[in-house]
Amino acid sequence: MKSLWILALAYCFLFAFNVDVHSHLIPNGQTALLEFSKIEGIVYKDVEVEKKHFNIIENPLKSNKLYALIPFGYYEKLENKKIKINYLENNKNQHEDILLKVIDGKYKKEAIKVSSSKVNPTKKDVKNRISREYKEAMHIYYRITEHNYLMKPFILPLKSKITSPFGKARIYNGTLKGYHSGTDFRAKIGTPILAANGGKVVLVKTRFYSGGTVLLDHGNGIYTCYFHMSKFNVKVGEVVQRGEILGLSGDSGRVTGPHLHFSARINGVQVDPLQLISLMNENILKGKI
């Protein structure tokens, strides 16, 4: 641990630019934040982690600042990660490296009982449907649009009790089936669901597992997802503002009862949505949930 901090501090003195790493220790399933100061002669290109590239984005509230979000998935190896910052200095390609460390998020487990047809579907047409829906969603999540819709702090899609946080290991009918990929909010059928921030509607569909689904593209690879809805108020292609009603909550898809499942992805990687919101609101967008 000590060597990690010494190395990180050493880099700060060697850089041709200023970079603020908000935490060098990142739990699996969470997001790291780097902030950069604009400096004459320096043009930031992107941030690279294990051959994956992440945009460096203009800060909408500080004209002299930029930032990059680096997502680490739930199944990320718990180890040091080399973060390569690519930039131009006086029109010459350069890079600098820093280290982050992925640590154990120490998530809990929960047991859930649902219809067996929703846990291990056997019908060919159902399996084909699940495969099509997965491929469609992943094609969207990996699409990086340059437009930035994030100009204001995030809000929660609704204000109610959280019934299941991100990261809990999910045991369906006695069998481990992965982890909880978002945050569940208690919501009786017909509760209005709000856009957590401005964005473009890129999917409106009823799917096998997630039921009534709306996906919002916030730009630069950032997406929020709203599942199990009973009614849609938006259409694909619409640009919505923060707080706009996307539709109504429901109990569609694989559920034990009515609720909203809220999740987030960055460059295709599923991350803790509330940690992402807090990170952005506290450091970039400056507002409280």
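Values quoted throughout were computed directly from the atomic coordinates according to the rules given, and no laboratory measurement underlies them. Since the structure is predicted, the reported quantities are computational estimates derived from the model, not experimental observations. Neighbour counts are summed over all protein chains in view; Cβ atoms, including those assigned to glycine, are modelled from backbone coordinates with ideal geometry.
In table form, for the structure just shown:
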item	result
Top of 221, 178, 198 by mean-square fluctuation, Gaussian network on the chain, Cα under 10 Å	178
In the stretch 211-279, the trypsin sites (Lys or Arg not before Pro) that fall in loop regions by DSSP, at most 11 other Cβ within 10 Å	235
Sequence-separation-based contact order of the stretch 178-289, relative, with Cα cut under 8 Å and 6+ spacing, percent	31 percent
Relative contact order of the chain, defined on C-alpha pairs under 8 angstrom at six or more residues apart (%)	18 percent
Under 14 Å from residue 161, Cα to Cα: aspartates and glutamates that are on another chain or at least 8 residues apart	184
Mean residue ellipticity (222 nm) of the chain, computed from DSSP H runs ≥ 4 via -39,500 (n - 2.57), nearest 500	-5000 deg cm²/dmol
Where the Cα pairs of the stretch 190-281 fall when distances are cut into 5 Å bins, in %	3, 15, 26, 26, 20, 9, 1
Longest site-free stretch - the chain; sites: GluC sites (Glu not before Pro), DSSP loop, at most 12 other Cβ within 10 Å	147-289
Value of relative contact order over the stretch 2-103, rounded to a whole percent, pairs C-alpha under 8 Å and six or more apart	31 percent
Neighbourhood net charge (15 Å Cβ-Cβ; Lys/Arg +1, Asp/Glu -1) for residue 132	+4
Mean-position separation - Cα centroids, the stretch 192-213 and the stretch 15-60, in angstrom	29 Å
Charge context of residue 279, other residues only, Cβ under 14 angstrom, K/R +1, D/E -1	-2
